[in-house]
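Accompanying notes for the structure given below.
The values are calculated or read from the model by the stated rules, or taken from the named source; none is laboratory data. Remember, predicted model here, so these are calculated numbers, not experimental data. Cβ sites come from the backbone with ideal geometry, for glycine too, and all protein chains shown count toward neighbours. Keep in mind that these areas ignore ligands, DNA and RNA; they rest on the heavy atoms of the full protein, side chains included. Shrake-Rupley method; radii C 1.70, N 1.55, O 1.52, S 1.80 Å.
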Amino acid sequence: MLFFKECKKILLSITFLIYIFTVTAFYFTQFISDSGEPLSPPVAGSEDYGYIEKEIPEILMPSASESLLMEYISGEYIAYPIGFYKEVKLSEKKKSRIAEIITEITGITKSELDNFEVCQNSDIPQINIPDSMTYEHFRELMRKADKIIGGGSKYSDDNIVKNFSLVPKTYEDALAEYNDFVEKDRITGAYARLFCDYIGIIVSMLPVFVSAVLAGYDKKSRIEQLVYSRKISSAKLIFTRYTAVLTVLVIPVIILSIMSTISIISLYPDSKTDIFAIPIMSLCWLLPNIMISSAVGMLFTEISSPLIAVFVQGVWWISSMMNISNGLTGNIGKFTLVCRHNSLYETNLFEEDFSKFVFNRIFYTFLAVIMIIIDSYIYSRRRKGDFYAIRKNSSRKSKA
């Protein structure tokens with residue numbers, strides 16, 4: 001059968017061996033190293049329970065205001081507009097608009113701000129926000145500042161709380177988090193997120209190598225015309241090949257998820273755990289990443305070359321990985337390629353983002369299918385000689 005022949009090609013390829021080695025190595029060096037010891041409930045009376053995000057206007061407003069003032073004085077604003085770290089320098093017109101926002105919040109005039117800009121060694125006055133400044137209006141002003149900066153700044157709705165309203169956890173906060181870990185997540189649910197966080201980094205990139213090599217196999221072995229001449233439909237050939245790629249690449253992930261389940265259950269022998277949490281989450285979370293990376297490999301190899309396919313996916317992957325403005329936990333947006341939740345706690349953050357997570361995974365699944373449909377269409381046209389004829393006519397014109 002064609003399916004098994006395609007699977008055999010993948011299994012015998014060097015790229016698949018690299019995929020297996022990298023995924024397995026990442027599993028043991030990252031996930032296993034972070035899950036070697038069971039979590040214990042917090043002990044009352046400890047001095048440090050870590051920090052937690054709490055939207056407290058009395059803390060957030062002066063802290064965010066001081067940050068905006070300091071960035072105005074320095075002339076540089078830190079932002080992640082498209083996922084990459086960027087130091088933004090504003091035009092004089094935009095600087096004036098930022099100054100107006102600072103003046104409205106603090107009462108410090110633009111001339112005073114510009115004087116601080118010249119004398120950067122002078123002391124910055126204490127931020128005094130008038131009682132007339134409501135929290136709702138303050139947040140509106142912060143949104144304006146974020147828009148002026150270009151988006152993705154510390155003052156955006158997505159980032160402002162985690163940047164300016166982190167407070168020490170109390171014993172009650174820590175205990176509530178641990179109870180969520182045991183009762184809501186049933187332990188394995190939390191480890192499922194951590195497993196997918198780590199493995200998702202790898203399976204968002206490596207499949208492009210496997211699928212690109214497989215898609216370019218016909219040309220490399222010079223049997224392209226033989227494949228074109230066969231009676232099998234182009235759609236059937238491409239979708240069978242794509243299914244083979246997904247099957248071979250997802251099986252190691254499922255095996256590792258089962259190994260993880262066994263490992264975690266052994267850590268908590270007296271607790272009630274969900275034995276299906278990690279495998280099911282792995283399919284829902286990671287399969288769309290494997291699908292989209294594989295689809296990019298097949299489509300762009302058909303359009304151009306394996307090198308271009310790897311380049312396209314690489315740029316996309318790096319852009320997503322560089323988007324650290326939201327941190328490693330709770331970094332899930334509607335169009336985030338590499339979803340992150342690098343914590344066994346903070347279940348509430350995942351619950352808040354769950355609707356975006358579902359949309360995200362469905363979106364990438366459909367996008368991958370659409371790309372494969374386009375790939376099969378291009379393959380069909382090329383098979384009929386349409387693109388060959390175009391290239392031939394172009395060559396004749398250039399000679400003329």
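Just a few scattered comments:
- Using alpha-carbon coordinates, inclination of helix 2-11 to the longest axis of the chain, degrees: 60
- Here the accessible area is traced with a 1.4 Å probe on the protein chains. For segment 6-155, carbon and sulfur cover 56 percent of it.
- Segment 235-377, relative contact order in percent, only Cα pairs under 8 angstrom and at least six apart counted: 29
- The chain, helix-only ellipticity at 222 nm - DSSP H runs n ≥ 4, -39,500 (n - 2.57), divided by all residues, nearest 500: -20500 deg cm²/dmol
- Only Cα pairs under 8 Å and 6+ residues apart enter the sum, and on that basis the relative contact order of segment 1-121 stands at 15 percent.
- Scalar couplings 3J(HN,Hα) for segment 105-113, obtained by applying the Karplus form with A = 6.51, B = -1.76, C = 1.60 to θ = phi - 60°, are 7, 10, x, 6, 6, 5, 5, 5, 4 Hz; x denotes Gly and Pro.
- Placing unit charges on each Cβ (+1 for Lys and Arg, -1 for Asp and Glu) gives segment 26-166 a dipole about its Cα centre, and among P42, S153, P57 the Cα reaching farthest toward its positive end belongs to S153.
- Put a plus charge on the Cβ of each Lys and Arg, a minus charge on the Cβ of each Asp and Glu, and nothing anywhere else: the dipole of the chain about its Cα centre is then about 4280 debye.
- Cut-off under 5 Å, modelled amide H: who pairs with I78 long-range: V88
- With 0.36 nm allotted per residue and the present C-alpha distance subtracted, the V161-I308 stretch has 48.9 nm of extension available.
- Ordered from highest to lowest accessible area with the whole protein assembly present and a 1.4 Å probe, D375, D173, D34 read as D34, D173, D375.
- Rounded if a/c under 1.5, otherwise prolate or oblate - the chain, Cα gyration tensor axes: oblate
- A crude spin-label estimate for the pair K89 and I262, with each label 7 Å from Cα along the Cβ direction, gives 5.9 nm.
- Förster radius 35 Å - calculated FRET efficiency between D48 and Q126, Cβ distance, rounded to 0.05: 0.80
- Angle of helix 234-267 to the longest C-alpha principal axis of the chain, folded into 0 to 90 degrees and rounded to 10: 50°.
- Compared with the alpha-carbon gap, the fully stretched path from Y171 to I14 is longer by 51.3 nm at 0.36 nm per residue.
- Sequence-separation-based contact order of the chain, relative, with Cα cut under 8 Å and 6+ spacing, percent: 22
- Farthest positive-ward along the chain dipole, Cα basis, beta-carbon charges - from S74, S263, F21: F21
- Linear extension gain, K5 paired with D274, 0.36 nm per residue minus alpha-carbon span: 93.1 nm
- Protection-proxy order for peptides 38-49, 60-71, each taking the mean of Cβ atoms within 10 Å per residue, highest first: 60-71, 38-49
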